[in-house]
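Here, each number is a calculation from the coordinates, and none is a lab measurement. Please read these numbers as outputs of a predicted model, since none were measured by experiment. A quick note on method: Cβ atoms are made from the backbone with ideal geometry, for glycine too, and the neighbour counts reach across all protein chains shown.
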């Protein structure tokens, strides 16, 4: 007989009615006030069709701490001598990680590939350390787990290839870890602590302060260089073009040159009415007119007291 069709299989019961909610209520008061809040929340959940689990619900002091979503939250003494809240790695989470490492490197797994084993361990280490790297001072725990993982891997390689520890170190060790081909074992100590910077947040339902929304970067909003009107960008000289050079300062007048002589028309220029200009030095005393302007008198000769435009 062939495989039954999907319509012939028994249908599963709908799980849409199942709902689980994890939450924490902090109370700045006495234990009696906290118990009163618990009863009030019970009635609210009953009205919503939910049931409060007595096994998972506890009322405790913040200095004793509580576990929430895999973290240990408590309040203790800080480095500056003041009581501060801390988020720690629970002991149960550390033991689960150690148990997982020992199971993956158990003697029954000696026949598995070394590259596949390193990749599986890297996935475990990456996921666990990324989740707990934002806790308070995780470096000490990461360092201890790195030491344990290092020697578990060394003994696993020794059992697999029936070699001594010095031989394993000479063949597979690289730096502070092990490497097989291009795949390197990632240790927890390679993940550094990541600080969580809390920002002031105002509840929009109970507060009156306005919330300033940040402007997110969008690649679609970047200008690509397209101009609606061709050449419009060229008109913005102050932004995209070098300013023009300032006009050159006018030279001082030549010594001995009178304004009438400087402004006199040149004898070589064409007349306005189309007549041909005189050519050569015989043209109506042109040399004499320019002698006083472009030539220096000889040494020893006394310069004339007065100059005139005509020779």
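Which order results if 41, 88, 105 are arranged by neighbouring Cβ count within 10 Å, fewest first? Spell out each step's value before the answer.
Details: 41 14, 88 19, 105 22.
So the ranking, lowest neighbour count to highest, is 41, 88, 105.
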Item to check | Paired Rg and Dmax values of region 90-190, which use every Cα atom, in angstrom | outcome: 13.5, 41
Next on the checklist: Run the simple label-point estimate for residue 40 and residue 130 please: 7 Å along Cα→C-beta, distance reported in nm.
Outcome noted: 4.1 nm
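Starting with the fewest neighbours, write out 129, 102 ranked by other beta-carbon atoms found within 10 Å of each beta-carbon. Walk me through the numbers before you get to the answer.
Values: 129 22, 102 12.
The fewest-first ordering by Cβ neighbours comes to 102, 129.
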Item to check | Rough spin-label spacing in nm, given labels placed 7 Å along Cα→Cβ, for residue 48 and residue 79 | outcome: 4.0 nm
Checklist entry - Cα centroids of region 134-186 and region 46-87: how far apart, whole angstrom? => result 36 Å
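Estimate the FRET efficiency between residue 64 and residue 91 by the formula 1/(1 + (r/R0)^6), using the beta-carbon distance for r and 22 Å for R0, to the nearest 0.05. Kindly include the intermediate steps, with their values, before the conclusion.
Numbers: r = 15 Å, r/R0 = 0.66.
Calculated transfer efficiency: 0.90.
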